[in-house]
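My structure is below; once you've seen it, I'll send some questions.
The values are calculated or read from the model by the stated rules, or taken from the named source; none is laboratory data. Not measured: the values here are computed from a predicted model. All Cβ positions, glycine included, derive from the backbone under ideal geometry; neighbour counts span all protein chains shown.
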Amino acid sequence: MRKLLTSGMAVFAGMVCLPASVSKHQTQSTPEPSYQQDSRLKTLQKFFRKAGCPAQKYSAVFLEAADRNDLDWRLLPSISFIESTGGKAAPNNNMFGWDSGRAEFPSAVASIHTVGYRLGHSHLYRDKDVDGILATYNPNAEYAERVKSVMRQISPSE
């Protein structure tokens with residue numbers, strides 16, 4: 001009985017410690033807008049398909065996360081491409097190398113929405129342009145240029 005109670009308390013404590021912004025964001029149930037007529041969807045799908053990336057099936061999710069969080073629509077896919085080759089190497093659904101690769105997400109969709117939300121709303125990132133976001137995300141001088149190069153491959157301009 002003591003072992004059961006102790007393990008239950010650990011699970012409960014872990015749930016309580018989940019950051020409010022992540023747990024609240026992941027449970028939002030607003031309907032997903034349709035991106036079928038959005039030219040960005042076809043552009044993103046083509047980019048991921050050409051590279052053989054599993055993230056291709058999440059193209060609409062990337063757009064939704066960018067739109068909801070007022071981010072350049074190419075930013076999240078580009079970070080995922082640099083960090084995990086668009087989901088090819090994404091342990092624990094962590095396509096973004098979030099928390100130095102230690103973060104675990106229940107799904108790829110949750111990772112996209114969580115990272116998008118953080119980049120748009122966290123005090124570390126909000127009100128910054130792409131260069132500011134990338135300098136905070138990874139201060140390595142070459143990192144920002146690598147991500148922006150992928151952004152240009154996806155589409156030359158926003």
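Exactly one of (1) closer than 21 Å to residue 35 by Cβ; (2) more than 11 Å from the chain's Cα centre (by Cα); (3) in contact (Cβ under 8 Å) with a residue 24 or more places away in the chain; (4) assigned to a helix (DSSP H, G or I) is unmet by residue 63. Its number?
So the condition that residue 63 fails would be (2).
Also, I was wondering about something else. For the range 91-112, what are the residues that are crowded, with 22+ Cβ neighbours inside 10 Å and out of contact with any Gly (no Cβ under 8 Å at 6 or more places or on another chain)? Before the answer, list the steps.
The initial filter retains those residues of the range 91-112 that are crowded, with 22+ Cβ neighbours inside 10 Å, namely 94-96, 111-112.
Result: 96, 111, 112.
So how many residues does the range 126-135 have that are in a helix (DSSP H, G or I) and within 18 Å of residue 66 (Cα to Cα)? Steps first, please.
At the first step, the residues of the range 126-135 found to be in a helix (DSSP H, G or I) are 130-135.
Keeping just the survivors that are within 18 Å of residue 66 (Cα to Cα) gives 130-134.
Residues that pass the stated criteria total 5.
Of all the residues that make up the range 24-78, how many are at pLDDT 95 or above and within 27 Å of residue 123 (Cα to Cα)?
Total meeting the criteria: 21.
Mind counting the residues in the range 66-87 that are surrounded by fewer than 24 Cβ atoms within 10 Å (Cβ to Cβ), in a helix (DSSP H, G or I) and not β-branched (Val, Ile, Thr)?
Selection size over the range 66-87: 5.
Can you give me the number of residues within the range 136-151 that are assigned to a helix (DSSP H, G or I) and either touching a residue at least 60 places away in the same chain (Cβ under 8 Å) or crowded, with 16+ Cβ neighbours inside 10 Å (or both)? Break it down stepwise before answering.
Step one: list which residues in the range 136-151 are assigned to a helix (DSSP H, G or I), which gives 136-137, 141-151.
Checking the rest, the ones that are also either touching a residue at least 60 places away in the same chain (Cβ under 8 Å) or crowded, with 16+ Cβ neighbours inside 10 Å (or both) come to 137, 143-144, 146-148, 150-151.
Of the residues in the range 136-151, 8 are assigned to a helix (DSSP H, G or I) and either touching a residue at least 60 places away in the same chain (Cβ under 8 Å) or crowded, with 16+ Cβ neighbours inside 10 Å (or both).
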